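As structure tokens, the structure follows; a few thoughts come after it.
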Amino acid sequence: MSRLVVISNRVAPVRKSESGSEGGLAVAILDVLKDQGGVWFGWSGKITEHESQAAQTFDHGKLTYATVDLSQQDYDEYYTGFANSVLWPLFHYRLDLTDFSRRDMVGYYRVNVIFATRLLPLLQSDDLIWVHDFHFIPMAECLRQAGCKQRIGFFLHIPWPSIQVLLALPNHEGIVRGLCAYDLIGFQTESDLRGFREYIEHEIGGEVLPDGTVKAFGRSLRADVFPISIDTKDVGRIAEDAVNSPQTERLRDSLGGRKLIIGVDRLDYSKGLVQRLEAYEHLLKVYPEQRGNVVLLQIAPPSRSHVNEYRDIRHTLERTAGHINSTFAEFDWNPIRYLNKGFRRQTLAGFFRLSDVGFVTPLRDGMNLVAKEYVAAQNPENPGVLVLSRFAGAAQELDGALIVNPYDTEGVGESLQLALTMPLEERRERWRTMYDHLCDHDVVAWRRSYLDALRSVTRND
Ligand code: GDG
């Protein structure tokens, strides 16, 4: 069997870290690399005066880690600049936050060339190369230009924007040409794939054949949908074990019998956190019986805090949470517990299981694994209700959730009330359909179906 080479911006640590934050994806990829042997290649996370001249490698059994340091300029232009201030906001439909400059675009391509150059000496002729996410869209093109003939697949973790949004990206054609150098492109949802095909057919005069083959820029490739998932049974087991942990006990005691709504998101403007708090405020306004009887626990570990927009969202959220708490709080009850820090995976699983409502309302999200984890963590006898944004990729699979439009503050507030008052029988039915689906479509199934598809592509150049 071909050796697998995985490329992602950050590589997952080989040992479980203190934070216990490794999720299903890192574990699923590590499993296959450790079993079959392979390479995990990416940024070391370090910024040095000059970027590395060769990848630093570290072997762990059959798995080789290979990492590259970045210079400050590369980090600013490639990572903070083009990846996080252009592609991320634009692909999440936030044209207002997109800050394009040619300097950053050039930096993005330059870093892709650097990574490709450092990877080349490590490659073997029948390797299967799997590139992850928006940081490395041009990677296949860079590798091909250097003569690389191996099969190369790409998986996009974030949404693919509709054609009109994509056209706002000054180098949209270059980005799509880069994608078309892969042999297989994986998207999270049908609507992402539709957007991509529409661009191919209507913008560059390419073709999509009845079997789904894409013909563009003089090549044929396959583009398909592979919705990412979680290790469903494992999350369930961890949650069951965590239910009597000291942390979960403390949370339970602190609630004093009140209902619990939980939100867990990286602090990111795509996650719809401000709108979420406003919808909760609507619930408290319109259903006074909920005052004093419900608590919203919002966990939002900071991310990308060197990007201005992330500092702004943090301040806005603090203000909004403070305003709602000061409006409704009583001497023995605070409506919102807003925590700007991360927790161990085990702790989160216990919190999910204890919660009556999982509140997941991104404005755009490639998939949203928290929605899936919430479902997997529930007690089958007494499951909570998932309130889920229609704009999360997960909404296309989890039809047992209460699907909401996060821009409709009042509608989301009403759905919260529905969730908090839903009879047990209906909760069980809704949960069962979602849980069964997630058992059949877990992260191992996702990895297998992607890699099987990549192995079976026929290279045509
Ligand atoms: C991108 C796409 C796509 C969160 N807080 C803590 C913590 N987490 C874990 C969650 C979950 C993961 O981080 C977040 O995954 P999401 O899917 O929700 O969101 P992104 O980080 O934006 O991920 C997304 C995903 O890639 C995969 O393709 O679904 O659409 O944007 O697993 O549980 N984990 C720990 N402590 C925390 O405080 N341990």
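The values are calculated or read from the model by the stated rules, or taken from the named source; none is laboratory data. All values derive from a computational prediction rather than experimental measurement. Don't worry about glycine lacking a Cβ; one is built from the backbone with ideal geometry, like all the others, and counts go over all protein chains shown. Protein only, heavy atoms only, side chains kept; ligands, DNA and RNA dropped before computing areas. Shrake-Rupley method; radii C 1.70, N 1.55, O 1.52, S 1.80 Å.
Screening the range 138-171 for residues that are open to solvent by 10 Å² or more (accessible area, probe 1.4 Å) and not in a loop (DSSP other than H, G, I, E, B) and picking the one that is nearest to Val6 (Cα to Cα) gives Arg151.
Sort out which residues of the range 217-255 are farther than 30 Å from Gly178 by Cβ, within 16 Å of the ligand (Cβ to nearest atom) and charged (D, E, K, R), and write them in order of number. Once the filter is applied, which keeps residues that are farther than 30 Å from Gly178 by Cβ, within 16 Å of the ligand (Cβ to nearest atom) and charged (D, E, K, R), the range 217-255 yields Asp231, Lys233, Asp234, Arg237, Asp241.
The set of residues in the range 317-355 being more than 16 Å from the ligand (Cβ to nearest atom) and buried (at least 19 other Cβ atoms within 10 Å of the Cβ) consists of Thr320, Ala321, Ile324, Phe328, Pro335, Ile336. Just to be sure, is His50 surrounded by fewer than 18 Cβ atoms within 10 Å (Cβ to Cβ) and either assigned to a strand (DSSP E or B) or not acidic (Asp, Glu) (or both)? Judged against the criteria, His50 is a match. Residues in the range 189-237 that are open to solvent by 30 Å² or more (accessible area, probe 1.4 Å) and part of a helix (DSSP H, G or I): Glu190, Ser191, Arg194, Arg197, Glu198, Glu201, His202, Lys233, Asp234, Arg237. The C-beta contact set for the range 363-379 (first residue open to solvent by 20 Å² or more (accessible area, probe 1.4 Å), second residue of a type in the set (Asp, Glu) and more than 7 Å from the ligand (Cβ to nearest atom), distance under 8 angstrom, 6+ apart or interchain) comprises Asn379/Glu240. Here the strands (runs of 3 or more DSSP E) wholly within the range 56-137 that include at least 3 residues being open to solvent by less than 10 Å² (accessible area, probe 1.4 Å) and farther than 20 Å from Cys180 by Cα are 63-71.
Listed here are the residues, each with its yes/no results for (1) among the hydrophobic types (A, V, I, L, M, F, W, C); (2) modelled with pLDDT under 95; (3) touching a helix residue (DSSP H, G or I) at 6+ places or on another chain (Cβ under 6 Å).
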residue: Glu410; (1), (2), (3): no, no, yes
residue: Gly413; (1), (2), (3): no, no, yes
residue: Pro423; (1), (2), (3): no, no, no
residue: Glu426; (1), (2), (3): no, no, no
residue: Arg430; (1), (2), (3): no, no, no
residue: His437; (1), (2), (3): no, no, no
residue: Leu454; (1), (2), (3): yes, no, no
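Scanning the range 256-272 for residues that are more than 10 Å from the ligand (Cβ to nearest atom) and either out of contact with any strand residue (DSSP E or B) (no Cβ under 6 Å at 6 or more places or on another chain) or part of a loop (DSSP other than H, G, I, E, B) (or both) returns Gly256, Gly257, Arg258, Tyr269, Gly272.
Flag set for Val214, criterion: away from the ligand (no atom under 14 Å from the Cβ) and modelled with pLDDT of 95 or more. Would a scan of the range 273-287 turn up a residue that is within 28 Å of the chain's Cα centre (by Cα), assigned to a helix (DSSP H, G or I) and within 16 Å of the ligand (Cβ to nearest atom)? Yes, that holds for at least one residue.
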